[in-house]
1. What is the log10 of I(q)/I(0) for the stretch 351-421, computed with the Debye formula using one identical point scatterer on each Cα and no solvent, at q = 0.21 Å⁻¹?
2. Using only DSSP helix segments of four residues or longer, with each worth -39500 (n - 2.57), what per-residue ellipticity at 222 nm results for the chain after dividing by its residue count and rounding to 500?
3. Suppose a student asked you for the relative contact order of the stretch 40-104, using Cα pairs under 8 Å spaced at least 6 residues apart; what percent would you report?
4. If you line up the long axis of helix 177-188 against the longest principal axis of the chain, both from Cα atoms, how many degrees apart are they, to the nearest 10?
5. With both bridge residues required to lie in the chain, what share of the DSSP beta bridges run antiparallel, to the nearest 5%?
6. Report Rg(Cα)/(2.2 N^0.38 Å) for the stretch 162-212, keeping two decimals.
7. Could you pull the Cα extents of the stretch 99-227 along its three principal axes, largest to smallest, in whole Å?
8. Based on alpha-carbon centroids, what's the gap between the stretch 100-123 and the stretch 179-206 in Å, whole number please?
Ligand SMILES: [Zn+2]
Ligand SMILES: [Zn+2]
Ligand SMILES: [Zn+2]
């Protein structure tokens, strides 16, 4: 028998931890301390069970006012490397509280600053490129994407419109000068999807910026077997447009033969169109490299682009009142953003993106501690898509298996909630934290404010952007006091998302 693991058993450890949580809930901290210690003793070395129990014990010790021991347990939990990263903020917060109780205010403040607060803006970026969904091209400027009912057309082709001469000129200099003669044949081809247009737009922007010779030499360099980025050049990713597009993943090695074959066919069709283009002459010896680059850009666009969602606006002043319209999310364009594309997936994402007149703004919707990872959702979330559906989508589209907390622990789906179920019963509401960390009683006034927002937002679609601050602080209150998954948390996330959407025309983010 291996003596190091003799008699250790994670199931037994779990039972002790549950008993510790029970005692914690009724504020019997001494009993919970005993149970958590038993749980720690029986947990297998280096297991998640050990990390969870030691973290819970730090909470019991905190309430027993044994701050130094609590700090020691917090450090043990951090050191174990098994404590879920997304819950690190709880430990940072507790650590800060311990130091505050011990009158080490400056250390406490430093620890609190190790976290991003909810609603904090993490990325503001203009997409590298974007293309309209077919239905939008007539009423949105082809350059700045803003809605424009009195647009001016391109002087050559009949396929695009612009706000004014300035947008028209900028678009021509940037890409449309080359793209103009390609738009029509592409639109006429039924196999061409918006992601293909997006790949071509990226290519055209790059050759316009760098010149096709330089572009092709970079592509060749990039395809050399020992290629690596120059780590000495600062900000090489964001500064150099070529890298910020071309370095994104395309998953070529994981694609099926038929999918890759289709990408090659599309690329070769684009090469033929480009070689006939009267506005830009690509030397015939470079056409092969151009084809190679287009396959990669097609794969990148297919993998990394997402639909940018903007507030529905209707034509005519009287119909602009959307209160009697169904609440739908209007997907305006398909966009590719370089920084946003670097973020991995979780079915329980900790950041959320919203479009503000063509600018993409990414915010924290969970407490995120310094050094931990950001997660977006790749089109599927635990509360709106069942586990099987998520597995299939993520595997088919992105070739990976998700191991987020929601997938590992089979979190329930909430999509079936009806509109009137989004209201919270008019309290006071008592929530017990399943982890045993805390009890929370939400005052009646806070609950009625929440319900007022549900009413304004989802029934009348009339809301002020200030409500977002309230919702983020409400969400923060929920996060520091209870374990997910839980209906009230789901309701609040739904509201944050809807509030960002319905107030997206009230805020401007300018990037030059
Ligand atoms: Zn414009
Ligand atoms: Zn044109
Ligand atoms: Zn997942």
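Quick note: the coordinates plus some simple rules give every number you see, no bench work behind them. None of the values given here were measured: they were computed from a predicted structure. Note that each Cβ is placed from the backbone with ideal geometry, even for glycine, and that neighbours are counted across all protein chains shown.
1. Scattering profile of the stretch 351-421, log10 relative to I(0): -1.09.
2. Details: 19 runs with 232 residues, N = 512.
Result for the chain, helices only: -14000 deg cm²/dmol.
3. 33 percent
4. Taking Cα atoms only, the helix is inclined about 80 degrees.
5. Values: 28 of 30 bridges.
If we restrict to bridges inside the chain, about 95 percent are antiparallel.
6. Details: Rg = 11.7 Å, N = 51, 2.2 N^0.38 = 9.8 Å.
Cα-based Rg divided by the globular estimate yields 1.19.
7. Principal extents (largest minus smallest coordinate, Cα): 73, 49, 30 Å.
8. 48 Å
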